[in-house]
Structures are given as structure tokens and as C-alpha cells.
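Since the structure comes first, as C-alpha cells, the remarks are kept for the end.
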Amino acid sequence: MFEFDQFRNIFVACLHLADQAPGLLRGLSSRRILKDVDCFDQGMFYNDPVKMEGSERTVELSAEACQQRCQVVEDCAHFTFWPDGGCLLTSEESSVKAAPYKYSATVSGPKYCGVPPADDDDDDVDTASSEAQQGESTWGAGESAVKEVVPPGINGTSCSKYPACVAVGISDGDCCPNADAVKLGCCEGFPKAVEEVKIAAGAECSRFPACVSLNISGACCPTPDGINLGCCESV
């Protein structure tokens with residue numbers, strides 16, 4: 001006969017998996033989409049501003065779901081899907097930038113991949129618009145567009161040549177810079193380890209009640225720079 005304790009253990013395990021499921025689904029879904037969708041970029045985000053006016057951050061299960069949200073917002077031009085599932089929408093005002101190394105799993109992309117679906121209002125396009133489309137405006141003809149030239153990284157442009165890029169799952173194509181002339185954060189190598197600050201005996205903030213009341217931790221009396229904080233005077 002099935003024991004109650006066994007049932008309880010299985011039930012608790014299922015609850016634990018349910019709590020972990022959103023994060024697992026986000027990771028698996030993002031990896032699958034990057035393989036299937038050419039217009040998505042990993043390790044890049046849209047900034048200045050980081051989200052369009054009037055929009056708010058939402059949590060989505062995948063980069064594809066974040067893009068679908070962008071498609072139903074009128075002024076949305078592109079999106080950024082962060083590793084924690086955060087989805088931010090941006091307008092044409094924002095520009096693409098390389099994400100910091102610890103956010104290398106970030107995915108960004110346009111509102112639509114390829115040609116956007118036709119709008120019902122397109123049937124009423126006026127003559128002026130039609131002529132502009134057929135003849136292609138000659139405004140600026142003869143002027144060569146100035147494109148910023150970004151020099152290749154120390155190991156060239158290929159992602160596979162940079163261990164830090166490979167470590168975060170970016171190994172195909174160019175990264176340093178990529179096709180958008182942006183060097184990803186992993187091009188600079190692995191982030192430097194933060195040096196541990198040693199606290200001299202007797203300098204701990206926890207030894208001074210006034211420092212503790214101010215919620216200060218570490219070294220206070222003196223600090224690593226040799227400065228005694230004001231809270232050191234009260235013992």
C-alpha cells in the first residue's frame with residue numbers, strides 16, 4: 001500500500017520543480033530560439049533609453065515571447081530579453097550596445113524578423129506614398145554614408161577565438177566586433193576577480209556600536225584607506 005510519507009515526499013519534490021521551471025524554461029527556450037531565429041542577437045541590449053516611454057518591464061518565458069509582446073505595441077521597434085526573464089521594449093530612439101559579461105545571455109532583436117506583416121490600412125496608401133516607394137527617394141543620393149569602423153579584437157573577429165565568449169555559449173559567427181559593429185562584453189576576456197579586502201584586527205565595524213547602528217560592515221576604525229569613520233568615536 002502506498003505510504004503517506006512517500007506521497008508527501010513526491011508532492012514536495014513536484015512543488016520544488018514547479019518553482020524552478022520558469023528559469024529552466026527561459027534558459028532552454030532562449031538557446032533553442034537563438035539557433036532557429038537569425039535576427040536575434042545574444043550579448044547585446046538596447047539602451048539610451050533602456051525602455052520606451054510608457055512601457056514597463058514584464059517577465060516572459062522566452063525571447064520569442066518578448067518579441068511577440070513588442071509586436072502588439074505600436075511604437076515598439078525592438079526588444080531586450082534579459083537572463084532573469086525580464087522583457088524591455090524600446091523604440092527607434094534607443095541604440096544597441098554590448099551587454100556586460102555577466103549578462104552575456106541577454107537576447108535582443110527587432111519587432112519582426114524579415115518583412116513585417118501587411119497592415120490593413122496599406123490598401124489606402126495615397127499616390128504620393130506609392131510614387132515614393134516606386135521611385136525610391138533620391139534624397140541624399142551621391143552622399144556616402146559614414147559608418148563607424150570598429151577594429152577587430154586581439155584574436156580577430158570570430159567568437160570561437162575568445163574563450164570568454166565560448167564559455168557563455170557564443171561560439172558561432174563574429175563577436176569582436178559583430179555584424180552590427182559592436183564588440184561584445186566577452187571580447188575583453190573573463191572579468192577580473194575582485195580582490196578580497198583584508199580587515200586588520202580591531203578595525204572591524206562590528207566592534208563599534210555606532211557603526212553597527214548605521215549598518216556599516218567591513219573595516220571602519222580605520223578603513224582600508226587609513227581613515228577613522230565618525231562612528232569610531234562612540235564606544
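The values are calculated or read from the model by the stated rules, or taken from the named source; none is laboratory data. Keep in mind the model is a prediction, meaning the values are calculated, not measured. Cβ: placed from backbone, ideal geometry, glycine included. Neighbour counts: every protein chain shown. When the accessible area is computed, the model is the full protein with side chains, heavy atoms only, and any ligands, DNA or RNA have been set aside. Shrake-Rupley method; radii C 1.70, N 1.55, O 1.52, S 1.80 Å.
So the values come out like this:
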item: Set Lys102/Lys192; Lys111/Lys161; Lys102/Lys183 screened for pairs whose C-alpha atoms are more than 20 Å apart; result: Lys111/Lys161
item: Ranked order, Phe190, Phe45, Phe79 - accessible area, probe 1.4 Å, largest first; result: Phe190, Phe45, Phe79
item: Approximate spin-label separation Ser171-Asp84, in nm, with each point projected 7 Å along Cα-to-Cβ; result: 3.0 nm
item: Ranked packing of 68-75, 223-230, most packed first, by mean Cβ within 10 Å; result: 68-75, 223-230
item: Residue-span extension gain [Glu233 to Val115] - 0.36 nm each, minus C-alpha spacing; result: 35.6 nm
item: For peptides 95-105, 208-218, sequence by mean Cβ density within 10 Å, most packed first; result: 95-105, 208-218
